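The values are calculated or read from the model by the stated rules, or taken from the named source; none is laboratory data. This is a predicted model, so every value here is computed, not measured. In this analysis, Cβ positions are derived from the backbone assuming ideal geometry, glycine residues included, and neighbour counts consider all displayed protein chains.
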Amino acid sequence: MSTPHPDAGPRPQIGLLLGSVFLAYLGQMTLNPIIAPLSREVGLAEWQIGVTISAAAVMLVVTSQFWGRRSQSWGRKPVLVAAFGLATATMAAFALVAWLGMAGVLTGTALFVLFVLLRGIGFGSAIAAVPPTAQAYIADVTDDEPTRVKGMAGIGAVQGVAMVGGSVLGGLLAAVGLLVPLIAVPALLAAGLLLIAVRLRRETHTELVEQPPRISPLDTRVWPFLVAGFGMFTALGFIQVITGFVVQDRLGLDARATGLVTGGALLAAGVGMVLAQGVIVPRSGWAPPRLLRVGGMIALAGFVALIPDAGATLLFVAILLIGLGLGIATPGYTAGPSLLMRREEQGGLAGLIGATNGLTFVIAPTLGTALYGAWPPLPIVLGTIIMAIVVAFVLLHPRLREAR
């Protein structure tokens with residue numbers, strides 16, 4: 001059992017930090033089930049939605065290290081207040097733009113540019129602050145491997161719960177009308193802003209790190225984990241943005257039904273993630289390398305099962321396995337290198353992990369949607385190949401086998 005770091009104060013606010021992660025991702029996941037049918041309702045092509053998601057990923061890459069280090073030098077509260085304020089404003093504006101698009105007032109290039117600016121650049125910059133801030137905080141108040149792994153799994157678990165809740169909420173609200181979940185998203189983000197502004201305690205000057213160091217991705221303590229994480233999330237990126245299109249095209253659904261069923265598919269992934277990070281990882285006691293190996297193999301099985309067009313049951317099982325596998329592997333990817341870093345390096349490391357995750361979604365969604373337009377199974381096949389390479393890497397690399 002670890003003792004909280006003295007710099008974290010007598011009562012670490014881990015639950016509150018996890019609550020902020022939950023609300024941020026609940027807002028994002030509520031939007032996910034409707035993004036594919038929404039794009040078709042407003043007349044945007046698949047590749048344009050891919051570019052929008054990729055723009056958000058670019059902002060994750062550009063801003064994650066900045067946010068992670070600022071969470072140690074400015075404090076968690078100023079960073080999260082700024083992030084939730086920006087997220088609320090951009091998604092409120094996005095809802096308005098989407099409504100104008102559905103009404104035919106905004107069309108073509110102007111609509112596409114606003115989608116990229118608001119959902120891509122604005123929201124991407126905001127959401128980039130949340131996971132690094134939470135990860136750096138968890139690393140700051142946990143001292144041993146099992147507690148660190150459980151803490152990082154807690155972040156993933158609330159993301160999984162948010163995926164479940166957002167999938168259900170987005171799907172159900174989409175059955176009423178595509179505009180309804182668009183209104184719900186900024187409301188959820190505003191609730192997060194209020195929670196942080198009222199409840200989160202500011203650190204004292206002595207608890208802050210004046211100049212947190214920037215962490216190099218080539219640092220020998222870090223890069224094997226980054227390679228594994230980059231591969232996992234690249235594989236995921238190829239299928240995540242096309243899930244709505246796969247559901248609609250394979251099952252022959254209209255826009256409203258697609259939103260509902262896509263919500264169910266994302267719910268399956270969320271259930272797998274919650275089961276992995278809320279139950280399996282905390283009880284397993286596995287070290288980070290073993291989490292990477294076991295999770296990678298389960299996720300690979302899910303990717304293989306997703307390739308054939310064999311009906312709704314196999315589709316849902318495949319997505320469940322992908323969520324379960326990545327849910328097991330991700331705490332190994334995030335906790336592993338943090339155990340090798342000093343306290344003042346944790347913000348930079350958390351930001352580097354966030355940037356790596358974002359980098360995987362710069363190219364994969366745009367390329368995935370473009371490949372889907374050429375031949376629907378192609379992005380799934382490519383994601384499967386990448387996941388197989390990741391599994392081979394984590395099984396064979398000596399540094400990952402020895403990491404403690």
Which ones in region 327-351 are of a type in the set (A, V, I, L, M, F, W, C), closer than 16 Å to TYR137 by Cβ and assigned to a helix (DSSP H, G or I)?
ALA335, LEU349, ALA350
Is it the case that region 138-145 has a residue that's closer than 20 Å to LEU326 by Cβ, at pLDDT 85 or above, out of contact with any Pro (no Cβ under 7 Å at 6 or more places or on another chain) and buried (at least 24 other Cβ atoms within 10 Å of the Cβ)?
yes
Candidates ALA56, ALA83, ALA89, ALA93 - the one that is under 15 Å from ILE121 (Cβ atoms), at pLDDT below 90 and in a helix (DSSP H, G or I):
ALA56
Those residues of region 359-404 which are in a loop (DSSP other than H, G, I, E, B) and closer than 18 Å to VAL304 by Cβ amount to TRP375, PRO376, PRO377
If you go through region 390-399 one residue at a time, do you hit one that is small (Gly, Ala, Ser) and more than 19 Å from the chain's Cα centre (by Cα)?
yes
Yes/no for VAL317 being β-branched (Val, Ile, Thr), at pLDDT 95 or above, over 19 Å from LEU267 (Cα atoms) and over 20 Å from the mean Cα position of the chain (by Cα)
no
Every residue from region 241-260 that is assigned to a helix (DSSP H, G or I), at pLDDT 85 or above and surrounded by 22 or more Cβ atoms within 10 Å (Cβ to Cβ):
GLY244, PHE245, VAL246, VAL247
Contact list, first residue from region 326-342 and under 17 Å from ARG69 (Cα atoms), second anywhere and β-branched (Val, Ile, Thr) and assigned to a loop (DSSP other than H, G, I, E, B), beta-carbon distance below 6 Å, six or more apart or interchain, is PRO337/VAL222
Has region 308-322 got at least one residue that is surrounded by 24 or more Cβ atoms within 10 Å (Cβ to Cβ), within 23 Å of TRP286 (Cβ to Cβ) and out of contact with any Leu (no Cβ under 6 Å at 6 or more places or on another chain)?
yes
Looking for something within 21 Å of ASN357 (Cα to Cα) and surrounded by fewer than 24 Cβ atoms within 10 Å (Cβ to Cβ) - is there at least one such residue anywhere in region 69-78?
yes
Considering every residue within region 66-76, establish whether at least one is more than 27 Å from GLU207 (Cβ to Cβ) and assigned to a helix (DSSP H, G or I).
no
In this structure, is VAL381 in contact with a helix residue (DSSP H, G or I) (Cβ under 7 Å, 6 or more places away or on another chain) and either hydrophobic (A, V, I, L, M, F, W, C) or surrounded by fewer than 19 Cβ atoms within 10 Å (Cβ to Cβ) (or both)?
no
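Only one residue in ALA392, ALA364, ALA374, ALA370 is of a type in the set (A, V, I, L, M) and either closer than 16 Å to ILE322 by Cβ or crowded, with 23+ Cβ neighbours inside 10 Å (or both), so which one is that?
Going through ALA392, ALA364, ALA374, ALA370 in turn, the sole match is ALA364.
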